[in-house]
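One structure is given below, encoded as structure tokens.
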Amino acid sequence: MELFFNPFDNLLCILLGISFTVWFTLLLVFIIVPAIFGVSFGIRRLYMKTLLKIFEWATLRIERGAKEKNHHLYKPYSNAIIAKEPTSLEEEIKEIRRSGSNKDLDSATEFEMSDIFYFARRGVESIMDDEVTKRFTAEELESWNLLTRSNNNFQYISLRLTVLWWLGLLIRYGFLLPLRVTLAFTGVSLLVFLTSLIGLLPNGRLKNFLSEKVHLMCYRICVRALTAIITYHDSENKPKNGGICVANHTSPIDVIILASDGCYAMVGQIHGGLMGVIQRSMVKACPHVWFERSEVKDRHLVAKRLSDHVQDKSKLPILIFPEGTCINNTSVMMFKKGSFDIGATVYPVAIKYDPRFGDAFWNSSKFGMVNYLLHMMSSWAIVCSVWYLPPMSREEGEDAVQFANRVKAAIARKGGLVDLLWDGGLKREKVKDTFKEEQQKLYSKMLVGTQEDRSRS
Amino acid sequence: MGSRASTLLREEEIEEIKKETGFSHSQITRLYSRFTSLDKGENGTLSREDFQRIPELAINPLGDRIINAFFPEGEDQVNFRGFMRTLAHFRPIEDNEKNKNPPATEPLNSRANKLLFAFRLYDLDRDDKISRDELLQVLRMMVGVNISDEQLGSIADRTIQEADTNGDNCISFQEFMKVLEKVDVEQKMSIRFLH
């Protein structure tokens, strides 16, 4: 028996050894070495084009299948489902009253029972379709991308499609996922190790130079760990020292995407665990702005530390996400004014993900971080575009809120996102009563206003 | 993973809802998707909290009254059928519907039913009468703190005086309909679908 196993054992060991070596050499040559030097073979773009062709075919097959069975296909509507007229409260209530009475408007009564129609209709409209709640769930896709998580027409799949889907599953979980996990592991450990090493050097030009190179290299490895295919536009507007870089927030991956193209000082809360280890070693190589949990509540302290950092021109530009939470990349929500109050030049950046290859949005109320990373690493790819917008400064007579809104509008326009005034915090909290009070005030003016006119005449 | 449960809505159910409410197939599946996205507890019904999570509804002065319209007397959960039945009041009245054979029961989006929806927003205790007190309460919801009690009281008194024909100091549904007989209810209480 032993004789029988030994040669097999040896053979097995040899085979395993060879495949490991081949695997690692390929990894090194095609992925890690280019990452170190910042060049690309173009493999990922080719991969992307092939995938697109397959997706188109898959969608056509589903549509054909549904037509054959004479069933209705669930069609996702990325735009609104109901027609909402943008008339104001005053206009609409006047219209309702006009249609209901023969008298002309000046001698109209203050209150009509029909006024309630306006509120009823607006209320039911918002129940059918509102602008806010749909920003906190993943965007719906028009074509299927062979991931069950984004398919609603699953029952119309033919045999060929099922085979393709199984193949896709095998490739994603059997080949891509282990590859990516290895890369991520490599990237993160290199980052921690090398930055700690650099931290031992005395402060100076050599340290800064090395720190930059190390950071860029490790982030590039992480980018490849997610198979992220990023297109940078307008790189001449890249943020400079002493400025604040501001971007829309969709997922924690945003950081990796931006930091692989330039060096930034990160801002955030110190976490425990692995995150904390990474944060602490990063700050040894170059100054980032990490806050303790207790310090985060103190607005003045935060503002002071940020402005101190910004005034030191030798320090890297700060990277901030003013929405404060992850939004699903169809819109930009209210920017918190803190970072716009400091008085530094703001470099806006718009990030738009292509949802066809993998949904990058992190629904933090539904999925934890590990679950999210697993989703990310088992998608096809992360494809996104980054636009660097020209720098903006606060103008005369503009307060922080107006400045923040101006920057937000520019980012929304460039990225093709909807510009909303609503607060991203509505993901978890209730809306403030002040908005309701505004509506009540508007309506009251209509009732009381007419009384004043009457008393005059 | 990613349960957008249009698969959970059976064809027979869609047909029944179509007959009862008049919505089209695609409108029903679309609204079902909306229903499930509002249903955070994923138990097939909506509670009042699920509605209040919609910011645009929460800032509507009559938000609570509208939410109440979805829940039958004494109940705290509404299922998809009930949801659709209430939304059906706001379906536009199509011209060709008038030409077809009139259905056995009055459609949910008829002029009378739209007015009944509005009437019930005023009628807080569901006794089919709008008393002075109820009118005052609803007015108070609409104006907030911006108008004094006396002014509001006189507005309520005048409204009841103009509408009340049988002298019981309350507005019945018939009197309500009479006051609003010239208002373009069909257009103002209808929501148009884009597809």
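The values are calculated or read from the model by the stated rules, or taken from the named source; none is laboratory data. Since we're looking at a predicted model, the values are computed, not measured. Virtual Cβ from ideal backbone geometry, glycine too; neighbours counted across all protein chains shown. These area figures cover heavy atoms from the full protein model, side chains too; ligands, DNA and RNA do not enter into them. Shrake-Rupley method; radii C 1.70, N 1.55, O 1.52, S 1.80 Å.
What to note about this one:
Residues checked against (1) open to solvent by less than 40 Å² (accessible area, probe 1.4 Å); (2) acidic (Asp, Glu):
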| position | (1), (2) |
| --- | --- |
| A:Lys315 | no, no |
| A:Lys337 | no, no |
| A:Asp359 | no, yes |
| A:Met369 | no, no |
| A:Leu374 | no, no |
| A:Tyr388 | yes, no |
| A:Met392 | yes, no |
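- For A:Phe193, the criteria (1) more than 25 Å from the chain's Cα centre (by Cα); (2) open to solvent by 50 Å² or more (accessible area, probe 1.4 Å); (3) closer than 21 Å to A:Ser314 by Cβ hold in every case but one, which is (3).
- Matching residues in the stretch B:25-39 - criterion: being surrounded by 15 or more Cβ atoms within 10 Å (Cβ to Cβ) and either facing chain A (nearest Cβ under 10 Å) or not acidic (Asp, Glu) (or both): B:Ser26, B:Gln27, B:Ile28, B:Thr29, B:Arg30, B:Leu31, B:Tyr32, B:Ser33, B:Arg34, B:Phe35, B:Thr36, B:Leu38
- The lone exception for A:Thr450 - which of (1) within 14 Å of chain B (Cβ to nearest Cβ); (2) open to solvent by 70 Å² or more (accessible area, probe 1.4 Å); (3) farther than 24 Å from A:Ala247 by Cβ; (4) at pLDDT below 85 it fails: (2)
- Counted residues, the stretch A:322-335 - those being outside any loop (DSSP other than H, G, I, E, B) and surrounded by fewer than 24 Cβ atoms within 10 Å (Cβ to Cβ): 1
- Filter pass, B:Leu124 being surrounded by 12 or more Cβ atoms within 10 Å (Cβ to Cβ) and in a helix (DSSP H, G or I): no
- 1 or more residues closer than 19 Å to A:Met217 by Cα and acidic (Asp, Glu): qualifying helices (runs of 4 or more DSSP H) within the stretch A:239-313: A:253-259
- From A:Val277, A:Val289, A:Val246, residue being in contact (Cβ under 8 Å) with a residue 12 or more places away in the chain and within 26 Å of A:Thr330 (Cα to Cα): A:Val246
- Some residue of the stretch A:364-375 being under 25 Å from A:Ile229 (Cα atoms) and assigned to a strand (DSSP E or B): no
- Answer from A:Ala350, A:Ala360 - the residue that is touching a Ser or Thr at 6+ places or on another chain (Cβ under 9 Å) and closer than 18 Å to A:Leu226 by Cα: A:Ala360
- Members of the stretch A:424-433 found to be open to solvent by less than 100 Å² (accessible area, probe 1.4 Å) and more than 9 Å from chain B (Cβ to nearest Cβ), listed by number: A:Gly424, A:Gly425, A:Lys427
- Output for the stretch B:143-171, where each listed residue is open to solvent by less than 70 Å² (accessible area, probe 1.4 Å), of a type in the set (A, V, I, L, M) and assigned to a loop (DSSP other than H, G, I, E, B): B:Ile147
- When residues in the stretch A:434-444 are screened for being surrounded by 15 or more Cβ atoms within 10 Å (Cβ to Cβ) and more than 8 Å from every other protein chain (Cβ to nearest Cβ), 1 of them pass.
- Residues that are open to solvent by less than 20 Å² (accessible area, probe 1.4 Å) and either in contact (Cβ under 8 Å) with a residue 40 or more places away in the chain or in contact with a Pro (Cβ under 6 Å, 6 or more places away or on another chain) (or both) within the stretch B:40-65 comprise B:Pro61, B:Leu62, listed in sequence order.
- B:Ala112 within 14 Å of another protein chain (Cβ to nearest Cβ) and of a type in the set (Gly, Ala, Ser): no
Per-residue answers, yes or no, for (1) modelled with pLDDT under 80; (2) assigned to a helix (DSSP H, G or I):
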{"position": "A:Tyr77", "(1), (2)": "yes, no"}
{"position": "A:Thr87", "(1), (2)": "yes, no"}
{"position": "A:Ser99", "(1), (2)": "yes, yes"}
{"position": "A:Phe111", "(1), (2)": "no, no"}
{"position": "A:Phe119", "(1), (2)": "no, yes"}
{"position": "A:Arg122", "(1), (2)": "no, yes"}
{"position": "A:Glu125", "(1), (2)": "no, yes"}
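- Considering (1) surrounded by fewer than 14 Cβ atoms within 10 Å (Cβ to Cβ); (2) in a helix (DSSP H, G or I), the lone condition that A:Asn203 does not fulfil carries the number (2).
- With respect to the conditions (1) open to solvent by 20 Å² or more (accessible area, probe 1.4 Å); (2) part of a helix (DSSP H, G or I); (3) not assigned by the TED database to the domain that holds B:Asn43, B:Arg85 lacks only one, and its number is (3).
- Hits in the stretch A:292-308 - residues which are more than 15 Å from A:Gly243 (Cα to Cα) and touching a residue at least 24 places away in the same chain (Cβ under 8 Å): A:Arg293, A:Val296, A:Arg299, A:Val302
- Criterion: without any contact (Cβ under 8 Å) to a residue 12 or more places away in the chain and of a type outside the set (D, E, K, R) - qualifying residue of A:Phe361, A:Phe367, A:Phe335: A:Phe367
- All of A:Val246, A:Val223 fail the test of being open to solvent by less than 30 Å² (accessible area, probe 1.4 Å) and more than 19 Å from A:Ile36 (Cβ to Cβ), apart from A:Val246.
- Residues satisfying the stated conditions in the stretch B:172-195, i.e. more than 7 Å from chain A (Cβ to nearest Cβ), within 13 Å of B:Ala118 (Cα to Cα) and not in a helix (DSSP H, G or I): B:Ser172, B:Ser190
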